1. Put VAL174, VAL3 in order of accessible area, largest first, 1.4 Å probe: what do you get?
2. Taking a ≥ b ≥ c as the square roots of the eigenvalues of the Cα gyration tensor of the chain, is the shape rounded (a/c under 1.5), prolate (a/b larger than b/c) or oblate?
3. Quick one: accessible surface of ILE9, probe radius 1.4 Å, all protein chains present, in square angstrom to the nearest 10.
4. Roughly to the nearest percent, how much of the accessible area of the chain is carbon and sulfur, given a 1.4 Å probe?
5. Any chance you could look up the accessible area of PHE149 with a 1.4 Å probe, heavy atoms only, rounded to 10 Å²?
6. Scan the range 33-105 for GluC sites (Glu not before Pro) in coil per DSSP, keeping those whose Cβ has at most 13 other Cβ atoms within 10 Å, and list them by number.
7. For the chain, modelled as a Gaussian network with Cα springs under 10 Å, which listed residue fluctuates most, VAL19, VAL64, VAL115?
8. Sorted by accessible area with a 1.4 angstrom probe, largest first, how do SER91, SER58 fall?
Amino acid sequence: DIVPQKVKITTIAENIFSVSWTSNAPTEARLEYGLVGTKLEEIATDDRDTALPGGKYSTHHITVEELQPNSQYAFRIITGENSTKFDNNGSPYTTITGPVIGATPTSVNFYGTAVVADKQPAAGTIAYLTLPGGSTHSTLVGDTGNYTFTLSLMRSSDNKSYAQYDPSATIVNVLLESGKLK
C-alpha cells in the first residue's frame, strides 16, 4: 500500500525540481537526495508539511529547493513507518537542473479549480500542466480546490529557455491526479 506509483519529476528549473506520486494508502513520505556521485544525505518533505513534518497522504508532492544550476541530482523516495526506500529499478532516480536564464518574462498565471463528484474541493489532488513544446509543472490543489501555475516561468522541453506560447491562443494540457481520494 505504500509503494510509490506514477512517479513524476516536474517543475525543473535552475534551482528546483518537484517529485510527485500516489500510494494506495495514506502514508508519510520524504526524499533523500544529493548531487550524483555523493551520498544522498539531504532530506525534503511533502509540500504540505511546512509546519509539522510527517503528514500521511495518498498523493505526494515534494519540492526540492536551493539546488545548483546545470547539475545532476539523485534521489530515493522514503515512505511508511519503517522508512522503506524506493528507487528506480535498483538505481536512484535522477534529474538535471536547468541553466540560469536571463530576465524573467512578465508574469502570466493560469488558474483552475478542482472538485470531486459531490462538488467538494479536491484538496490534495496533484495538478500537472504542460505547454506545447514545454516541460511539465506540478502543484497541489489547495484546501479550497484552487491551483495556480505561473506560465511565464515554465521552461521549454529541454529546460534551456522559457517556453514560448501565445496567451490568447495556446491550448495547455492539465491533468489532475487524485490517487484514491474520495
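1. Working: VAL174 50, VAL3 75 Å².
Reading off the accessible areas and sorting them downward yields VAL3, VAL174.
2. On the way: a/c = 2.05, a/b = 1.11, b/c = 1.85.
Note, shape of the chain comes out oblate.
3. Looks like 60 Å² after rounding.
4. Values: 4690 of 9700 Å².
Ligands and nucleic acids excluded, carbon and sulfur give 48 percent.
5. 10 Å²
6. Details: sites: GLU41, GLU42, GLU65, GLU66, GLU81; in loops: GLU41, GLU66, GLU81.
Qualifying residues, ordered by number: GLU41, GLU66, GLU81.
7. VAL115
8. On the way: SER91 60, SER58 20 Å².
So, going from the largest accessible area down, we get SER91, SER58.
The values are calculated or read from the model by the stated rules, or taken from the named source; none is laboratory data. Just so we're clear, the structure is a prediction, and the values are computed from it rather than from any experiment. Quick reminder, even Gly has a Cβ in these numbers, built from the backbone with ideal geometry, and neighbours come from all protein chains shown. The area values use the complete protein model at the heavy-atom level, side chains included, leaving out ligands, DNA and RNA. Shrake-Rupley method; radii C 1.70, N 1.55, O 1.52, S 1.80 Å.
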